[in-house]
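What follows is a short report on a single structure.
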Amino acid sequence: MTPAEFLAVVLPPEGSGLYCAVELTKKKEHYYAETLADIVAKVENWHQDGNDCFFAVATFDTKRGTENAQFVRSFFLDLDGYDTKKEAGLALADFLTKTGMDSLGTPWLIDSGGGIHAYWPFSKVVGKDKWVPMSDRLKELCRIHELLVDPACFEPARILRVPETLNFK
């Protein structure tokens with residue numbers, strides 16, 4: 001699956017607001033576009049120049065920020081507190097079984113460079129006001145079951161590494 005195909009599944013459809021890509025290596029630049037094709041092209045240019053490339057998981061009405069987030073189309077976890085990716089994967093599998101989330105199907109797993117990102121794409125787009133309480137519940141389940149995740153992954157303005165890009169840190 002290409003980055004463009006992946007983003008088309010985990011992000012809201014075009015017309016739902018502005019997409020955001022972020023480069024964190026050199027200029028720390030945010031790039032906004034109305035189409036995924038524009039985001040993918042910008043990420044490809046940044047990556048070719050040796051930059052770490054990220055995408056915002058929501059769409060926005062103006063600039064990236066929780067207050068400006070409009071729509072989200074997936075849940076995601078950033079498992080980066082484990083010694084190995086295998087250990088993170090085993091912890092995630094145990095968490096899914098214990099919480100019953102395994103009934104949602106196998107999450108999409110992406111190598112984040114230092115850990116694993118897990119995604120559960122939705123069949124429909126969800127507004128931020130509906131997504132936040134559900135995300136808060138997921139955060140509570142992670143805490144209760146001691147799943148080591150980045151606490152920022154429960155924010156609608158979160159950025160995550162674009163699949164198939166390298167971690168240049």
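The values are calculated or read from the model by the stated rules, or taken from the named source; none is laboratory data. Owing to the predicted nature of the structure, the values given are computational and were not obtained by experimental measurement. We place every Cβ from the backbone using ideal geometry, glycine too, and count neighbours over all the protein chains shown. Surface accessibility is based on the protein's heavy atoms, side chains included, excluding ligands, DNA and RNA. Shrake-Rupley method; radii C 1.70, N 1.55, O 1.52, S 1.80 Å.
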Quiz item: Restricting attention to region 145-163, does a residue exist that is β-branched (Val, Ile, Thr) and more than 20 Å from CYS53 (Cβ to Cβ)?
Solution: yes
Quiz item: Here are some conditions: (1) touching an Asp or Glu at 6+ places or on another chain (Cβ under 8 Å); (2) open to solvent by 10 Å² or more (accessible area, probe 1.4 Å). ASP52 meets all but one. Which one does it not meet?
Solution: (2)
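Going by the structure shown, is ALA8 open to solvent by less than 80 Å² (accessible area, probe 1.4 Å) and over 14 Å from the mean Cα position of the chain (by Cα)? So that I can check it myself, show each step before the final result.
Working: open to solvent by less than 80 Å² (accessible area, probe 1.4 Å): yes; over 14 Å from the mean Cα position of the chain (by Cα): no.
So ALA8 does not fit the description; no.
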Quiz item: When the residues of region 140-168 are filtered to those that are in contact with a Ser or Thr (Cβ under 8 Å, 6 or more places away or on another chain) and part of a loop (DSSP other than H, G, I, E, B), which remaining residue is farthest from LEU92 (Cα to Cα)?
Solution: PHE168
Quiz item: So how many residues does region 94-126 have that are at pLDDT below 95, among the hydroxyl-bearing types (Ser, Thr, Tyr), open to solvent by 50 Å² or more (accessible area, probe 1.4 Å) and not in a strand (DSSP E or B)?
Solution: 2
Quiz item: If a residue has to be surrounded by 14 or more Cβ atoms within 10 Å (Cβ to Cβ), more than 18 Å from TYR19 (Cα to Cα) and at pLDDT below 95 to count, how many in region 135-153 make the cut?
Solution: 1
